[in-house]
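The values are calculated or read from the model by the stated rules, or taken from the named source; none is laboratory data. Remember, predicted model here, so these are calculated numbers, not experimental data. Quick reminder, even Gly has a Cβ in these numbers, built from the backbone with ideal geometry, and neighbours come from all protein chains shown. We work out accessible area using only protein heavy atoms, side chains counted, and drop any ligands, DNA or RNA first. Shrake-Rupley method; radii C 1.70, N 1.55, O 1.52, S 1.80 Å.
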Amino acid sequence: MKVLVIGSGGREHAIIKKLKENRTIDKIICAPGNGGIQQDAQCFNVEAIDLVNMVELAKCEKVDFCVVTPDDPLAMGMVDILEMEGIPCFGPNANAAIIESSKVFAKNLMQKYHIPTAKYAVFNQADQAKEYIRKQKTYPVVLKADGLALGKGVLIVDNEESAMQAIDDMMINESFGDAGKQIVIEEYMTGPEVSVLAFSDGKTIVPMISSMDHKRANDNDEGLNTGGMGTIAPSPYYTKEIADTCMQTIYLPTIQAMNQEGRKFKGCLYFGLMLTPTGPKVVEYNCRFGDPETQVVLALLKTDLFTIMQAVHDETLDQLQIEWSNDSAACVILASGGYPKAYKKGYEIHGLNPQGQLDGATIYHAGTSYQDGKYLTNGGRVLGVSTVAPTLTDALKLSYLKIQEIQFENMHYRTDIGRKVVDA
């Protein structure tokens with residue numbers, strides 16, 4: 001078997017490392033990949049959104065199976081095109097990926113099928129959005145760009161002035177490009193946030209171990225929203241009772257709703273949940289593995305990942321028993337100073353061995369390149385320092401211990417990943 005993984009981040013690195021455990025896979029190729037992924041797969045310089053050349057690569061390399069993980073190519077129809085060429089894929093078709101690529105679609109779906117979520121309103125005119133905010137006079141309030149915005153299209157504002165500026169930035173100044181032409185304004189929910197990834201073959205849905213992301217750039221959940229600064233798994237807030245409630249009120253109804261709409265979802269469906277005082281509610285859906293949640297969730301997966309992916313494609317997920325470790329996992333992201341705004345690239349990363357790893361931890365490369373025997377920074381999120389231990393406290397201690405062995409100029413990371421949970 002030859003498998004192609006599309007993407008270039010820490011999530012893709014985690015998936016590739018897990019796929020390597022399957023003995024039926026002879027070769028893994030990745031496009032475009034990164035400096036660390038080069039050690040685990042053959043990388044090709046084809047961008048994830050380059051549909052034409054990606055299909056050509058898959059055909060030239062005689063790929064047997066393809067894993068499409070980033071949101072943009074999924075929304076653009078990468079799975080549709082590859083499968084038309086006879087290459088089986090793990091990932092949803094474009095008409096199902098809309099559950100992430102349009103916040104408006106997702107909110108309307110939840111409203112139509114009575115799936116619990118925050119109250120909301122949709123706007124395509126800045127003036128009307130501002131008028132709505134002025135009338136509501138309720139803060140904080142959440143503003144979301146309708147389209148894909150690299151995980152940064154959500155703004156939480158605390159006052160009218162900030163709200164007006166945010167609307168201008170999104171809708172007039174086009175800070176998120178076309179993604180902000182239409183926006184969702186929704187109520188601010190409170191409670192612990194939990195991420196639950198789930199395998200779905202369109203008929204059966206199997207939730208994975210829960211995790212908790214830390215979106216804000218700085219300690220104490222301050223600073224701008226990022227693509228994620230660290231994760232822990234499992235989340236102690238996510239009890240069996242809550243899981244059972246979510247299955248009945250959120251997970252199954254979502255799959256059934258998508259089927260009703262003629263949008264069968266096959267792949268990994270991500271549920272961003274808020275455990276509110278009145279019960280779990282959906283914050284957002286993603287149509288793919290979350291990043292950096294994947295780095296902790298897959299670390300605890302005992303069942304072979306490729307077998308699961310094939311079952312999802314073949315719609316035989318109900319025939320599998322998926323098993324998980326009882327350990328805990330932690331991942332702390334090392335980012336470029338300035339992220340998620342402007343940052344510099346090309347700094348040498350010190351402390352890693354020739355394979356880009358460290359003894360005692362798994363280093364998932366997110367934004368790196370490999371040149372002349374050196375690893376260099378090449379993105380906002382650079383590395384994920386991930387560990388597994390019998391307790392979450394031990395995993396976090398180990399991650400932070402291992403971080404001390406890594407250096408690059410302007411290195412930035414949060415020092416409080418998992419602290420709320422450990423200290424609770």
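When the residues of the stretch 287-301 are filtered to those that are open to solvent by 10 Å² or more (accessible area, probe 1.4 Å) and in contact with a strand residue (DSSP E or B) (Cβ under 6 Å, 6 or more places away or on another chain), the one that is nearest to residue 198 (Cα to Cα) is 288. Under the condition of being within 24 Å of residue 376 (Cα to Cα), of a type outside the set (S, T, N, Q) and either touching a Gly at 6+ places or on another chain (Cβ under 9 Å) or open to solvent by less than 30 Å² (accessible area, probe 1.4 Å) (or both), the residues counted in the stretch 41-63 number 5.
If we scan the stretch 123-140, do we find a residue that is in contact with a Lys or Arg (Cβ under 7 Å, 6 or more places away or on another chain) and either surrounded by fewer than 22 Cβ atoms within 10 Å (Cβ to Cβ) or of a type in the set (S, T, N, Q) (or both)? Yes. How about the stretch 359-374: which of its residues are in contact with a Gly (Cβ under 7 Å, 6 or more places away or on another chain), assigned to a strand (DSSP E or B) and open to solvent by 10 Å² or more (accessible area, probe 1.4 Å)? Passing the criteria: 364, 369, 370.
Residue count for the stretch 399-418, restricted to those that are surrounded by 14 or more Cβ atoms within 10 Å (Cβ to Cβ) and either under 14 Å from residue 231 (Cα atoms) or of a type in the set (Val, Ile, Thr) (or both): 9. Confirm whether residue 248 is modelled with pLDDT under 95, surrounded by fewer than 21 Cβ atoms within 10 Å (Cβ to Cβ), out of contact with any Gly (no Cβ under 6 Å at 6 or more places or on another chain) and over 24 Å from residue 392 (Cα atoms). Judged against the criteria, residue 248 is not a match. Of the residues making up the stretch 184-197, just one is under 19 Å from residue 9 (Cβ atoms) and either modelled with pLDDT under 95 or out of contact with any Phe, Trp or Tyr (no Cβ under 6 Å at 6 or more places or on another chain) (or both), namely 195. Pull up the stretch 64-77, narrow it to residues that are touching a Pro at 6+ places or on another chain (Cβ under 9 Å) and crowded, with 17+ Cβ neighbours inside 10 Å, then point me to the one that is nearest to residue 265 (Cα to Cα). Top of the filtered list is 74. Against the definition (among the aliphatic types (A, V, I, L, M) and not in a strand (DSSP E or B)), how does residue 167 come out, yes or no? Here the answer is yes, as residue 167 does meet what is asked. Screening 175, 200 for residues that are farther than 21 Å from residue 421 by Cα and modelled with pLDDT under 95 leaves exactly one candidate, 175. A single entry from 186, 174, 161 fulfils the requirement of being of a type in the set (Asp, Glu) and open to solvent by less than 20 Å² (accessible area, probe 1.4 Å): 186. Residue 133 meets the stated requirement of being more than 22 Å from the chain's Cα centre (by Cα) and not in a loop (DSSP other than H, G, I, E, B).
When each of 175, 200, 210 is tested for being closer than 30 Å to residue 133 by Cα and of a type in the set (Gly, Ala, Ser), the lone residue that passes is 175. Taking the stretch 196-232 as the range and being among the polar types (S, T, N, Q), open to solvent by 10 Å² or more (accessible area, probe 1.4 Å) and either closer than 26 Å to residue 320 by Cα or touching a helix residue (DSSP H, G or I) at 6+ places or on another chain (Cβ under 8 Å) (or both) as the test, only 204 passes.
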